[in-house]
1. Quick one: residue 23 ticks every box in (1) closer than 30 Å to residue 208 by Cα; (2) surrounded by fewer than 19 Cβ atoms within 10 Å (Cβ to Cβ); (3) modelled with pLDDT of 95 or more; (4) in contact with a helix residue (DSSP H, G or I) (Cβ under 7 Å, 6 or more places away or on another chain) except a single one, so which number is it?
2. Return the residue satisfying two criteria in turn: it lies in segment 389-432 and is in a loop (DSSP other than H, G, I, E, B) and over 27 Å from the mean Cα position of the chain (by Cα), and of such residues it is modelled with the highest pLDDT.
3. Quick test of your reading of the structure: residue 323 fulfils all but one of (1) surrounded by fewer than 21 Cβ atoms within 10 Å (Cβ to Cβ); (2) over 23 Å from residue 385 (Cα atoms). Name the failing condition by number.
4. Looking for whichever is assigned by TED's automatic domain parsing to the domain that holds residue 269, more than 21 Å from residue 266 (Cα to Cα) and in contact with a strand residue (DSSP E or B) (Cβ under 9 Å, 6 or more places away or on another chain) here; the options are 126, 85, 155. Which one fits?
5. Tell me the helices (runs of 4 or more DSSP H) entirely within segment 77-183 that contain at least 3 residues that are surrounded by fewer than 23 Cβ atoms within 10 Å (Cβ to Cβ) and modelled with pLDDT of 95 or more.
6. Mind counting the residues in segment 1-60 that are within 20 Å of the chain's Cα centre (by Cα) and either without any contact (Cβ under 8 Å) to a residue 12 or more places away in the chain or within 30 Å of residue 200 (Cα to Cα) (or both)?
7. If the requirement is being modelled with pLDDT of 95 or more, under 29 Å from residue 309 (Cα atoms), surrounded by fewer than 17 Cβ atoms within 10 Å (Cβ to Cβ) and under 22 Å from the mean Cα position of the chain (by Cα), which of these qualifies: 197, 248?
8. Suppose the filter is within 21 Å of the chain's Cα centre (by Cα) and either free of Cβ contacts under 8 Å to residues at least 60 places away in the same chain or over 28 Å from residue 232 (Cβ atoms) (or both); does residue 368 pass it?
């Protein structure tokens, strides 16, 4: 099996199970020797910010000279991004070999009438095997969907776990209220671990997290915004002070300060568990973190901003960032989303702030909202709404409209942002200054 064949196989498997549970994942892991039981994990769930928080936490642990695995989803440009060690994606050879091993066990399960593990379940198993054979000191796991019944949640109680910002997403699976969604996310907080609740949670969500931790006897750390002092922010990122210590992060958006504080709180919980991590490692790790495609400014002339905001909470953070960094520059917006998201609400919010809205269907995705349907949702809120037949056409139109002095915003689904990033960087944009 080649790397291309491994990826093609994974992408051919159903993404979601008919009924969420951990039965298949536990059976698959058991057949593989339960590698997850031998890993030291930090688990992160939430609606928004979990990927950034995971990347920051892994960067700090790597800076502290711990060999650190990072498991995230979905990928932005290359499939191997989902499984990394100290910033280096899994090698093609390792992905091929481990996929073949997992595939064999998945087929054995199917023959035994135990069901076929989903794509996410099989990738999770591949990650567990890789991190174990590479002798990682820590593994930072980003939960996929929810928490309680997420495939990553077959691990024993993690050393520390965090619930990041909660917003409405996947309501058909997780529930229609923030409290119901929070309860699902809290499933990663297990007796024997240490918990963190991200700052800025709605009071009702925080109450759910507190009650869950109380019943499970989990020490909960709740960083609050008044303890954080924003010192400086700009297109380079932000500097802030926490408990008298100063940190800088090269990620745009004030919400990334909340994510950084959540990450630092996880590190504090690891210290409480007996692990040595210096403030210098915190500073170096946060200062070096990268999380492409999330409020990423990849060019300055014209300004080209990419953001994978695809639910109401993410769109709110994006709009805050536009107000903060580009208050006098209504963007030309290229946008497309998936049909299982609240795309009409998101389209309206961005259309209100856009000079021109170009609707496009995310490429190679069966769940993509057709460009015409997305344009209809945006039309009442923007004076100039257009639609493009392809992402390449949308980007070409957008670059032509902004010229050298405007702002091109590309936002929406992660598959859309990943494809746009690859294409725009491949063009080199002929811009005065590139940031990538």
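1. (4)
2. Of all residues in segment 389-432, those in a loop (DSSP other than H, G, I, E, B) come to 389-390, 403-406, 413, 428-432.
Still in the running and over 27 Å from the mean Cα position of the chain (by Cα): 389, 403-406, 430-432.
Details: 389: 96, 403: 89, 404: 83, 405: 85, 406: 92, 430: 49, 431: 50, 432: 45.
Checked segment 389-432; the qualifying residue modelled with the highest pLDDT is 389.
3. The number of the failed condition is (2).
4. Checking each option against the conditions leaves just 126.
5. On the way: elements: 92-111, 119-133, 171-174.
In segment 77-183, 92-111, 119-133 are the helices (runs of 4 or more DSSP H) which contain 3 or more residues that are surrounded by fewer than 23 Cβ atoms within 10 Å (Cβ to Cβ) and modelled with pLDDT of 95 or more.
6. 20
7. Values: 197 fails: surrounded by fewer than 17 Cβ atoms within 10 Å (Cβ to Cβ).
Criteria check complete, one pass: 248.
8. Working: within 21 Å of the chain's Cα centre (by Cα): yes; either free of Cβ contacts under 8 Å to residues at least 60 places away in the same chain or over 28 Å from residue 232 (Cβ atoms) (or both): yes.
So residue 368 passes the test.
The values are calculated or read from the model by the stated rules, or taken from the named source; none is laboratory data. Just so you know, these numbers come straight off a predicted model, no measurement behind them. Note: ideal-geometry Cβ built from the backbone for every residue, glycine included; neighbour counts use all protein chains shown.
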